[in-house]
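Encoded as structure tokens, the structure appears first; notes follow it.
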């Protein structure tokens, strides 16, 4: 076994016979010693064996080649010999009576000689087919099947299929007729080559000569397609395997012939079997590996076209197949049915806007047309009819009804731009229900409410909430099983429909009074009121939404860890086991492929926020109903949230470092919706989805604060906001929060650039152009505006004004900038904000249109450098204005400006971690344009036929005209809106579109730029902690009655009024506070505004007023009026000898605005 083993442990001696001398005995020799004699012999023997082996292989290979070549040559010679024999048979005409004999002699020869690639063999086949068809026994059967035995016909059919694959459209007709007749007689004859058969038919269907051919040829082709699909004579059912081959080999092609005449083939197919075969493949994800998503989109389009072509009831199988296909292809349909288009010229994108859009190929027009049928009026009417025919009782939702609900949800995912149309059609429908032996109808919203509120999911969550359990467990309710999936689909569809209802419901119709029912109402109003929920039902719904949303935010990491990474749909619910199927199959929720748990959270949050906003505007729930403080330890809540925010910032920095310089991986093709507004929403949705892994590491309390702020008392949230600002200041300023200490730290730095940096935060501002000077000097700071700034005011002669530099001049500067920018009479003629009848401000909707009209009047080409510069400059001004308002909030400076509630709602929604943007609703129009609101209310309540009013889906916008007047331009509210009249049915949709145009589309760029600037200073997630009314209080202070005692406790005195060692106040000060107590609240506010420039108190009391309210003596002359220095909140009060004199002088000074100076 070991021939070299000698039994000696001594190392053999190595003898160097090379003649070279090595002076270093320990050095490693670089020379490889020669092999020993035994080793060399073994190596030579091995090489010899390998050489002989190669020679044997080469000899064997040459023999095989010779054998193959001889066999090929012999077969070719034999085939040529038989071709000559075959040609002899057809060389001379024969008598008709001898045709049968010639066919029998030619058939075996044909089987032996036919090579489909050879044109001469194809001609020989045509001769044979001509003989075969000449023996037609009758017009109904062109072939006499008595000539051959059955197996011979099978061989002939397979031969014809291989020949058909190489034929063009002009020469395929007779071959098609023959093979179709054979397959009709023997459907299984081509089973081994069925895929090849349908590939050949699909190729022929796109040949132009066939597509434009006669009806007779179309009929032949259709019969050929249907021939292998005949019923099994033994079982009486269709061959599902054949239908599956038809679906994934034939219907995945373009099929121009089918596009032209779908009815010809539809009437020959068993569409139920086709549906069943599709369901089987998609439910198990057992799809052919070579089938792409583009192929599946063609299958879906042809499937819809075939079912549309047959006016018969299609059953639940059709809907199930449609549902599974669309849920699987939802991302492709969503992104490619409405690819990004160039924006309307009137709404050109901002110069600095992120418009990077991935290339995505649009869907072919035929596919779009077929898919759009599913969401047009006829398609939705068909859907409603199915609801009506399958619904049984609200106490128990049938599987068919739940399947319809799932299909509707998939429609909403696939067609976001048609979402309102889909919801409106469903909202207007009635569903028949049964109660015992009685049948009655319910509005669809009420039907789904009744069904949803009786589900186990709903009742479990509500019962746990009533039991005041600290944490409602939803893990068990999110498990995947048939019963829960049915319930979740019902709940999701109800929330989608109810969310739409809230958007088109006026406050008067939301909870109508009993006395309102006597007023004449239109059909639209009657439908809305019939669909509305009662107060008790609303309380139940809000309770459910709160306690479902809370764990979806607070416990999301735990919930996501408990769910599998990917799931599979089954035939009924769309969900199955995780075994089998394609690798990386999309996750699913509620049996809807591609729908995730986050989609549930978004829908729940959207409905919850809509109800909360309505309750904030017009309360209908008890005070503190929204609070959920029992779920937290409020004693340490603020400190816990601050710690979470610190951790959040650390993770955000790490995340930025990891992704620095890289492309955003969340930018996938499905992030783009049909129009430019929804595309921005989808991009934010994509970024939100990408950051969910990052968010899962953030503290749960922060997520609740961002998305469910109403769960925490307002005062606590204000304290948290102030803490966040303080932390940010400390971080940015190196721990030097005080402005003077920060400047000193900068000046004491060794680097020369530090002084230059400080100089960038210094500005000289003229009183006549405060906003313009501020923009010119501070816009480039960007986020650096958070740092302290130094302002020097100059008069009209450029002489510096006197000022007290203790933060007061900065306050005066910021207030002056906002007064200038938000004012209607600006020197440059640009009105950035306009006000409504209540003096509430919102962005000027027409400012970009006006600028575009003026530029065109000066012959400036759209898209030119000048055009882009002017538009870009306007965008920058809005952005800077957002920064200024953010700076006021950052520094705790109150400004006497009130914004419209719909505008403030956009602030709040900008920082939520859900994908829910601000959605316009009818009630917000009241703040924007009361006249338009009243006009829409008249239209909504119009009892007659709205079509008589000749209203279409367009709207007129007012723009500047060179004549000095304003002109109107008409814009469509939807695609082809000018040709679509408004009817009674789609009246709510028209109202929704008008509201969306006025509140969102017209103000989109202005609002986006403003919020971008505001977000530079104030983290958007901080803004999301407040609703619209709370944000107004954060900006301008508390609107409640002025607390004189709180003001007195937080007032400082100087000069003659300074409190001495005895602790007693000066008599004039006592007079002042007596007067303040006796004044009306409106008069107190006037005094407060006179001193501090704002009539409202800080949210947390006057202890938060910076600088503090101060009083100093203003001399001994009683005839002198009080004066103020608003920049430092200082009242200079002369020494008055009586309270009456003080009151008279004070009110006179306040009401006349006299006595202001900066001394």
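The values are calculated or read from the model by the stated rules, or taken from the named source; none is laboratory data. This structure is a prediction, so every number in the text was calculated from the model and none was measured. Here Cβ is always computed from backbone atoms with ideal geometry, including for glycine, and neighbour counts include all displayed protein chains.
Just a few scattered comments:
- Residues (under 19 Å from residue 872 (Cβ atoms) and loosely packed, with under 14 Cβ neighbours inside 10 Å) located in the range 758-781: 776, 780
- Residue 560 modelled with pLDDT of 75 or more, under 28 Å from the mean Cα position of the chain (by Cα), farther than 23 Å from residue 405 by Cα and assigned to a helix (DSSP H, G or I): yes
- Test: residue in the range 727-750 that is modelled with pLDDT of 90 or more, within 30 Å of residue 626 (Cα to Cα) and assigned to a helix (DSSP H, G or I): yes
- Members of the range 696-737 found to be surrounded by 14 or more Cβ atoms within 10 Å (Cβ to Cβ) and out of contact with any helix residue (DSSP H, G or I) (no Cβ under 8 Å at 6 or more places or on another chain), listed by number: none
- Selection status of residue 130, in the same structural domain as residue 165 (by TED's automatic domain parsing), touching a residue at least 40 places away in the same chain (Cβ under 8 Å) and more than 60 Å from the chain's Cα centre (by Cα): yes
- Only listed residue being assigned to a helix (DSSP H, G or I) and either without any contact (Cβ under 8 Å) to a residue 12 or more places away in the chain or buried (at least 18 other Cβ atoms within 10 Å of the Cβ) (or both), chosen from 793, 848, 797: 848
- Any hit, the range 93-100, residues being without any contact (Cβ under 8 Å) to a residue 24 or more places away in the chain and assigned to a helix (DSSP H, G or I): yes
- Residue in the range 234-253 that is modelled with pLDDT of 85 or more, surrounded by 22 or more Cβ atoms within 10 Å (Cβ to Cβ) and assigned to a loop (DSSP other than H, G, I, E, B) present: yes
- Listed by position, the helices (runs of 4 or more DSSP H) enclosed by the range 358-447 that each have at least 3 residues that are modelled with pLDDT of 85 or more and closer than 28 Å to residue 541 by Cα are 399-414, 419-427.
- Within the option set 331, 335, 316, being part of a helix (DSSP H, G or I), touching a helix residue (DSSP H, G or I) at 6+ places or on another chain (Cβ under 6 Å) and at pLDDT below 80 holds for one residue only, 316.
- Residue check, residue 607 modelled with pLDDT under 70, closer than 29 Å to residue 401 by Cα and surrounded by 20 or more Cβ atoms within 10 Å (Cβ to Cβ): no
- Residue in the range 1006-1018 that is buried (at least 16 other Cβ atoms within 10 Å of the Cβ), in contact with a strand residue (DSSP E or B) (Cβ under 8 Å, 6 or more places away or on another chain) and within 30 Å of residue 429 (Cβ to Cβ) present: no
- All positions within the range 85-103 that are closer than 18 Å to residue 126 by Cβ, surrounded by 12 or more Cβ atoms within 10 Å (Cβ to Cβ) and out of contact with any helix residue (DSSP H, G or I) (no Cβ under 7 Å at 6 or more places or on another chain): 87
- Residue among 535, 541 that alone is at negative phi, modelled with pLDDT of 90 or more and either buried (at least 18 other Cβ atoms within 10 Å of the Cβ) or not assigned by TED's automatic domain parsing to the domain that holds residue 479 (or both): 541
- Selection within the range 127-149 - at pLDDT 75 or above, assigned to a loop (DSSP other than H, G, I, E, B) and within 18 Å of residue 220 (Cβ to Cβ): 136, 143
Let's see how each residue does on (1) over 31 Å from the mean Cα position of the chain (by Cα); (2) surrounded by fewer than 18 Cβ atoms within 10 Å (Cβ to Cβ); (3) over 27 Å from residue 821 (Cβ atoms):
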site: 955; (1), (2), (3): no, no, yes
site: 972; (1), (2), (3): no, yes, yes
site: 988; (1), (2), (3): no, no, yes
site: 1021; (1), (2), (3): no, no, no
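- Within the range 266-294, the set of residues being in a loop (DSSP other than H, G, I, E, B), in contact with a helix residue (DSSP H, G or I) (Cβ under 7 Å, 6 or more places away or on another chain) and either within 25 Å of residue 360 (Cα to Cα) or not assigned by TED's automatic domain parsing to the domain that holds residue 238 (or both) comprises 287, 288, 291.
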